[in-house]
1. For the peptides 100-108, 159-167, what is the packing order when you average, over each peptide's residues, the other Cβ atoms within 10 Å and list the highest mean first?
2. Largest first and in whole Å, what are the equivalent-ellipsoid semi-axes of the range 49-187 based on the Cα gyration tensor, each being the root of 5 times an eigenvalue?
3. For the range 104-166, compute Rh as the Kirkwood radius over C-alpha pairs and then the Stokes-Einstein diffusion coefficient at 10 °C and 1.306 mPa s; write the answer in µm²/s, rounded to an integer.
4. Set the Förster distance to 30 Å, then compute FRET efficiency between residue 106 and residue 51 from the Cβ-Cβ distance, nearest 0.05.
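Read-outs throughout are calculated quantities, based only on the coordinates presented, and are distinct from any laboratory measurement. Every value quoted in this text rests on a predicted model; they were computed, and no experiment measured them. FYI the Cβ positions are ideal-geometry reconstructions off the backbone, even for glycines, and counts take in every protein chain you see.
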């Protein structure tokens, strides 16, 4: 007798429920990843570094900053009682920083987080000169609050004063809380 070979078997039918279950599982996984990514962006609430121009607004932890102006050649600040003059250079460099505090609590701005660069040298703002400019009528800053403090839900122009030469201003860096991951560079070149 002749051997007919193996008996053909009917193809296995896969359950439609298996494909449906795998599709739902994949969709759930993608949704979870998207929600977690969105929460990370909302919770951190900062620009995570980058380069900005004067006038650009950047956010760090629910606080918006804008370097709105840079003035060079400011010889002295304050009034006769509270007078500030630069120690090393002939004049101050004044950077006007607009701070929008969207937090529910007051914000103490650590001015040492804002470094001004002239060529390859970094300069820290002078807190003494910053306090003196608040009583200087020529610039119109608010002297009703302590220098460096921005109340909850307040927009305030804050003066940052540097005893630095104004010959070759290149950029300013912002590193809030000394966190290098949040480093923001503001380009001061014209």
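1. Top of the packing list down: 159-167, 100-108.
2. Its equivalent ellipsoid spans semi-axes of 23, 20, 12 Å.
3. The calculation lands on 125 µm²/s.
4. Efficiency, from the Cβ-Cβ distance: 0.55.
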